[in-house]
Every structure is written in C-alpha cells, then in structure tokens.
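Here's the structure we're looking at; comments come further down.
All of the numbers you see were taken from the coordinates with simple rules; none came from a lab. The shown structure was predicted, so the numbers you read here are calculated from the model rather than taken from an experiment. Virtual Cβ from ideal backbone geometry, glycine too; neighbours counted across all protein chains shown.
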Amino acid sequence: SCPQAVVVVPDGLFARVSLGLRVFTPLWALAALLVHVVTALIHFAIYFPLRLPLKADFSDKASVAGRAKFAFLLAWRYLLMRTLSVIRVEAGGHHMHLTEPDKTVEAASEWLADTSSRCGKQ
C-alpha cells in the first residue's frame with residue numbers, strides 16, 4: 001500500500017516502447033501484451049531451431065520482438081502496481097532530473113502533497 005510514482009516524459013526512455021500510445025495507460029498495457037505475443041510467436045518460429053532466446057531490450061539496436069518483450073514486462077509491472085501514480089511532464093528527456101530540475105521538483109512536490117493529504121498525513 002506504499003504510494004509509488006513514475007515520471008514520464010514523451011521524449012524520454014519510454015518513448016522507445018510506447019507503441020505510439022501514452023505509456024502507463026490500460027490501452028498501452030493491452031497493446032504491449034498483444035504486440036509481445038505476436039512478435040514472440042514470430043521470433044520462436046524463426047529462432048527456436050537455433051535455440052536463440054528472446055531477450056527484453058529497448059536499446060537502439062534492439063529487435064522489434066525485444067522491444068515488445070520489454071514493453072510487455074513494463075506493462076505487466078504497471079498493472080500490478082495498485083498504488084502507482086503516473087506523473088506526466090511535457091519534456092525533459094531521459095535525465096529529466098538533470099535537464100529540467102525545476103519541473104522535476106514541481107511535479108514531485110505536487111505528488112507528495114497530494115499523496116500526504118490522501119494518506120491523512122501533513
């Protein structure tokens with residue numbers, strides 16, 4: 001029951017696994033599952049005889065199947081986190097806390113204030 005937060009920016013790390021949708025939404029989670037299933041079936045049809053595993057990866061060199069698996073694993077965690085708050089900020093890149101520290105502090109402060117008021121703590 002511990003409150004959790006993730007800060008997401010459109011130009012950040014998760015853009016690589018967004019599937020053209022807003023990450024950390026139920027629609028994105030469903031799309032990640034479907035894309036993972038399809039790409040995993042294709043991967044195993046091609047690579048199973050060679051015994052090449054399907055690795056989750058989101059790097060620039062990652063295969064479509066690797067990115068789909070990474071998106072699926074991330075979506076699965078998202079669905080399991082009942083107390084997760086998604087904080088969306090318009091820009092900042094992967095290192096938002098370094099490139100946009102004021103926006104990061106503002107977003108975190110708002111979340112902390114809201115969370116403490118909902119939990120009954122001041």
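Over the C-alpha atoms of segment 37-122, what are the Rg and the largest Cα-to-Cα span, Dmax, in Å?
Reported Rg and Dmax, both Å: 18.9, 60.
Short version: ³J(HN,Hα) in whole Hz for each residue of segment 17-28, in order, from phi by Karplus 6.51 cos²θ - 1.76 cosθ + 1.60 (θ = phi - 60°), x for Gly and Pro, what are they?
Along segment 17-28, the couplings run 10, 7, 6, x, 10, 6, 5, 6, 10, x, 4, 4 Hz.
For segment 1-91, calculate the relative contact order in percent as a whole number, restricting contacts to Cα pairs under 8 Å that are 6 or more residues apart.
So the answer I get is 47 percent.
Can you list residues whose amide H is under 5 Å from V8's amide H, if they're 5+ apart or on another chain and H is modeled 1.01 Å from N?
Residues meeting the amide H criterion: I87, R88, V89.
Please list, by residue number, every one of the GluC sites (Glu not before Pro) in segment 43-113 that is coil in DSSP and has at most 11 other beta-carbon atoms within 10 Å.
Those that pass, being in a loop and sparsely packed, are E90.
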